[in-house]
Amino acid sequence: MRRALYAGTFDPVTLGHLDLIGRGARLFPGLTVGVADNVRKKPLFTAEERVGFLRRAVKARRLRGVRVVSFRGLVVDWARAHGISVLLRGVRTTSDFEYEYQMALTNRALAPGVESVFVMPSEEYAYLSSTLIREVVRNGGDASRWVPREVDRALRERLAGAEGRVRADARGRRAR
């Protein structure tokens with residue numbers, strides 16, 4: 001039984017991430033979603049918040065065989081320490097592929113028994129990134145179609161609070 005690890009920052013988790021998690025759950029009998037706890041990246045949400053968002057989204061989608069954890073350090077070290085031999089990676093664009101290819105070769109050099117598997121997202125999510133979504137919300141845009149409802153609310157609250165602004169949500173009500 002091959003188990004896989006889908007690791008990332010997930011700041012915030014998007015429907016594109018959840019699409020890939022669903023694909024990974026169908027491909028592998030055991031899928032671990034690893035939330036990177038890297039304080040140098042200065043994430044908008046804490047690792048605990050991101051793990052919570054993902055756990056609730058996975059549960060709501062009834063994805064079986066998926067567990068969500070946080071980790072620190074090199075992904076290949078964490079994978080080996082937990083008996084995981086496959087790294088699941090999403091590839092949206094050719095620039096993603098170039099970066100992921102470089103990472104896969106580096107990871108293979110560090111941990112020869114850990115393979116990288118690339119999966120393309122659904123077309124409707126192929127252009128999404130957490131960075132893009134944060135920027136949309138930071139500038140008053142509506143990102144509700146790209147993130148779970150809970151994440152949409154949290155994004156608007158966090159970014160409105162950080163900038164001292166009140167924004168209208170997608171339904172036309174005022175949000176704080």
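Rule-based calculations on the coordinates, nothing more; no lab input. These numbers come from a predicted model, not from an experiment. Using ideal geometry, Cβ is built from the backbone for each residue, glycine included, and neighbour counts are taken over all protein chains shown.
For this structure, a couple of remarks:
- Bridge orientation summary for the chain: considering DSSP beta bridges with both residues in this region, about 10 percent are antiparallel.
- Distant-in-sequence amide H partners of residue 88 (H built 1.01 Å from N, under 5 Å): 5, 6, 7, 117
- Stokes-Einstein diffusion coefficient of the chain, Kirkwood radius over Cα pairs, 37 °C, 0.692 mPa s, in µm²/s: 194 µm²/s
- Pairwise label distance in nanometres, residue 127 with residue 82, each label 7 Å out on the Cα-Cβ vector: 3.3 nm
- Residues listed by number, the stretch 16-49, amide nitrogen under 11 Å from residue 119 label point at 7 Å toward C-beta: 17-33
- Candidates 70, 130, 95: whichever shows maximal mean-square fluctuation once the chain is modelled as a Gaussian network with Cα springs under 10 Å: 95
- Most mobile listed residue (160, 60, 79) in the chain, GNM with C-alpha springs under 10 Å: 60
- Pairwise label distance in nanometres, residue 135 with residue 64, each label 7 Å out on the Cα-Cβ vector: 4.1 nm
- With a Förster radius of 25 Å applied to the beta-carbon distance between residue 95 and residue 38, the computed FRET efficiency rounds to 0.70.
- Computed from Cα positions, the angle between helix 149-163 and the longest principal axis of the chain comes to roughly 60 degrees.
- Taking 7 Å steps out from each Cα toward its Cβ at residue 103 and residue 153 produces label points 3.1 nm apart.
- Extension gain for residue 142 to residue 26 (0.36 nm times residue separation, less C-alpha to C-alpha distance): 38.7 nm.
- Residues in the stretch 6-17 carry Karplus couplings, in order, of 10, 10, x, 7, 6, 10, x, 5, 10, 5, x, 4 Hz; the curve used is 6.51 cos²θ - 1.76 cosθ + 1.60 with θ = phi - 60°, and Gly or Pro positions show x.
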